[in-house]
C-alpha cells in the first residue's frame, strides 16, 4: 500500500478513538456502579462498627457468618431453596409446551397470548401480589382455600414466585425453539414419526441446554422476588420468610449487618446462576 493510501486509514483510525472512548466511558460507569455496590457491601462487614477502621478479615467473616446462623435466617435459606426449586420445575413444565406452541404454530389470538405472557414481566411486582390476593378472595379462590390453605402460607410463596418466573422461562424456551430448525422434525415425520414423536425424539433433546437455561433463569428470578411475596404471602418469621423478605425484616428492626450478610449471600447465588447460564445457556441465554 502506498503512503497516500495509508494516510486516510491512519486518519480513520485516529477518528475512531473518541467514539470508542465514549463507549468505554459510558459502559464503564455502569459496570463500575455494580462493582462498587458489591464492594461496598463487603467493605461494610470488614469495617469495625465502633469506627476504629478495618479490624481484619476474620472479624469481618464472623460478622458475615454469625447472622446467617440465626434460626430465622436458616429457615429463610431453606424455604428459599425449596420454593425456588419447585418454582423452576413448574416453570419449565409450563414453558416447554407453551414456548413450543408459540414458536411453531400460527393461530388466531397468538398476539393476545404473547402479550398476556409479558404481563407479569411488565407489571409492578406489588400489583402481581395484590392481584393474586384478590383472586383468592373470589368464590373459586375460596373453594381452593377450603381444600389447601394458600394465602399467607408456603403455597402462596411458590405461587407468587411462579407467577413471575414462568414468564421468563417461557420467553427463554421460545427463543430456544426458534433457534432449532424445523427441518429435522419434517424429516422425522417423513420417516413415519407423528408430530409428538418428532418432538420427543428430535426437538426435546436439542432443547436440553435451553431447558437448563430456562430453569436457571426461573430459579434466579424466584430467588429475587419480593413484592408479590410480601403482599400475597406476607413476611412471617419461621413461616413464609424467604431471603428477600429477610432483608426487609432485618432492616425494619435496624439490624443492618444481618441485612448486608443476606444480601451478599444472594449476590453469591446470583454469581453461581450466571456461571450456570454461561456454561449451559449458549444461544438461549444470548437470545434473552
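Some observations on this one:
- Of residues in the range 206-226 being surrounded by fewer than 24 Cβ atoms within 10 Å (Cβ to Cβ) and over 10 Å from the mean Cα position of the chain (by Cα), the one nearest to residue 121 (Cα to Cα): 226
- Unique residue being touching a helix residue (DSSP H, G or I) at 6+ places or on another chain (Cβ under 7 Å) and assigned by TED's automatic domain parsing to the domain that holds residue 97 when the list is 239, 208, 189: 189
- Among the candidates 182, 139, 125, the residue that is within 30 Å of residue 238 (Cα to Cα) and over 16 Å from the mean Cα position of the chain (by Cα) is uniquely 139.
The values are calculated or read from the model by the stated rules, or taken from the named source; none is laboratory data. Everything numeric in this text was worked out from a predicted model, so none of it was measured. Neighbour counts run over all protein chains shown; Cβ positions are idealised from the backbone, glycine included.
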